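Following: one structure in structure tokens, then a few remarks.
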Amino acid sequence: MELARSKAPRRDRRWRRRPFVVLLLAVLVIVGIPMADYLSLYLDNPVRPSLRSHQTWMAVPKMALAIPAYYRDAAGRGPDIETIELEVEARELQTIVDKRANALRVGVLFSSRQDLVPAVLRHRGRALGVQIRLKGDLRDHWAGSRWSLRVEVDDDGRGEGVLGMRRFSLHAPWARGFHREPLFLDVLRSYGFLAPRADIVEVSLNGRQLGLMEIEGHVGSDLLSQTSRPAGVFLKLDEDRLWREWVATAEELGVPWSINTPKPEDANNWRKAPIDAFESKAIRASEPLSRNLTRATELLQGVMDNRLPPSQVFDAERWGAYLAHCEIFGATHMVLWNNLRFYFDPTTDRLEPVAFDTGVLPERQRQPLATGVSLDCVGGELAFTTSLVADPVIRSAVMRALRNLDDQVHGEDLEDLLKQREARYLGALHTEYPWLESFDLEAVRRRAAELRRVNEGNLEDLVRVRLDR
């Protein structure tokens, strides 16, 4: 009898615990689903920080805090994001898959117009014929589940394209620094530079949701539609030889290629790179543009051969301001010679910079300027910009621009622009990447104030190498 009486209370306690267990399981499911999604997105980034890094551990609580927003977005009450649907036939898609497999094997993607395959793009109820291909030199563009793509709309320039762009790229968000690249492009455009438009869009491929990607306009005549500049030609320095000889160097050394493989010096010399034009078909069909191309090539080749001083080829004020922005915002990637893009203005007979792949750094990765520490955007491998500041006319323009920009970054106009545009970009990106931090304008302001110490007298001392290339 005593044994029977002793079992009943234990049974009652088990029943009383069941609501708690059910509640605990429900909480685990409610929390676990979004956390699993966020973690999978974090791990999909091929250039993410180490799992043991401080950045990773700081991201986890931000994921937890974003759980309410996760369910808000799932209910369709999240931010308004444009959607792009791509449809590619199996044979054409296999061409892209094979190209990616080769890039993964080599470590570098070699691409050309011959890689373009037909596809259909659906946007805002329209179906557009397009050509697409894999893009991006390095693994951050195609090692994850979202592959960067170049897209060209088949409308011969007569249609509006997609968001006003007829040639554009779709990038994995991490390949363009999440919100930093589109935000900095907005800043550059606000200061009068030619810079492609960018936004965050939702992309699907053959019905499979890829998620958020950055859409970014390509260099070409589309950039002139929002400015008063006349029709002109766009140029670049061809980097194909650099990449091929760089990979060949690794093969000769018997090691896999990596970014640390020694660069072949001759192929990495901007003065020896071939000059290439964008939209060559349109140029050939236009006598004025053909004349512009001849003149622009003549000028650029003249400075490459040391026959012409940079200030007789490049718009000194615009290039001075461009280098000032590079220094203050830490956008060193945009002044590597193989990332340079040029617009020839036939009315001024000068070449202007065109923003492309700026690589603007997170503010915490910036080096403080101090005695004996070089500038970010001249010296070392940045032989092109080093040659620019060797010209006294452009050097003076850089000094003026640094002073002017220091005043401007402390004004309200830039702060208002950053808040407005960042609200759009981060509003979208936080649905998948809640750990992303806002742009630190105060760090930019501190950098601008530091750069006031640079003058023509000490500039050369702050350059990593002699101004002799």
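The values are calculated or read from the model by the stated rules, or taken from the named source; none is laboratory data. All values reported here derive from a predicted model rather than from experimental measurement. Every residue, glycine among them, receives a Cβ derived from its backbone with ideal geometry; neighbour counts consider all protein chains shown.
If a residue counts only when it is at pLDDT 95 or above, crowded, with 18+ Cβ neighbours inside 10 Å and assigned by TED's automatic domain parsing to the domain that holds Thr348, which strands (runs of 3 or more DSSP E) contained entirely in segment 164-245 have at least 3 such residues?
Ranges flagged: 234-237.
Could you give me the residue pairs with C-beta distances under 6 Å whose first residue belongs to segment 400-416 and is assigned by TED's automatic domain parsing to the domain that holds Tyr322 and at negative phi, whose second residue is surrounded by fewer than 16 Cβ atoms within 10 Å (Cβ to Cβ) and assigned to a helix (DSSP H, G or I) wherever it lies, and which are 6+ apart or on separate chains?
Asp406/Arg452
Condition first: out of contact with any helix residue (DSSP H, G or I) (no Cβ under 6 Å at 6 or more places or on another chain) and in a helix (DSSP H, G or I). Now tell me which residues in segment 423-440 satisfy that.
Selection gives Ala423, Arg424, Leu426, Gly427, Ala428, Leu429.
For segment 98-116, indicate whether the set of residues that are at pLDDT below 90, touching a Phe, Trp or Tyr at 6+ places or on another chain (Cβ under 9 Å) and part of a helix (DSSP H, G or I) is non-empty.
No - not one qualifying residue is present in segment 98-116.
Could you list, in sequence order, the residues of segment 315-332 that are crowded, with 24+ Cβ neighbours inside 10 Å and of a type in the set (D, E, K, R)?
Glu327
Return the only residue of Ala198, Ala172 being free of Cβ contacts under 8 Å to residues at least 24 places away in the same chain and under 27 Å from Thr332 (Cβ atoms).
Step by step, each of Ala198, Ala172 is checked, and only Ala198 is free of Cβ contacts under 8 Å to residues at least 24 places away in the same chain and under 27 Å from Thr332 (Cβ atoms).
If we keep just the residues of segment 277-307 that are in a loop (DSSP other than H, G, I, E, B) and surrounded by 13 or more Cβ atoms within 10 Å (Cβ to Cβ), which is nearest to the chain's Cα centre (by Cα)?
Here the answer is Phe278.
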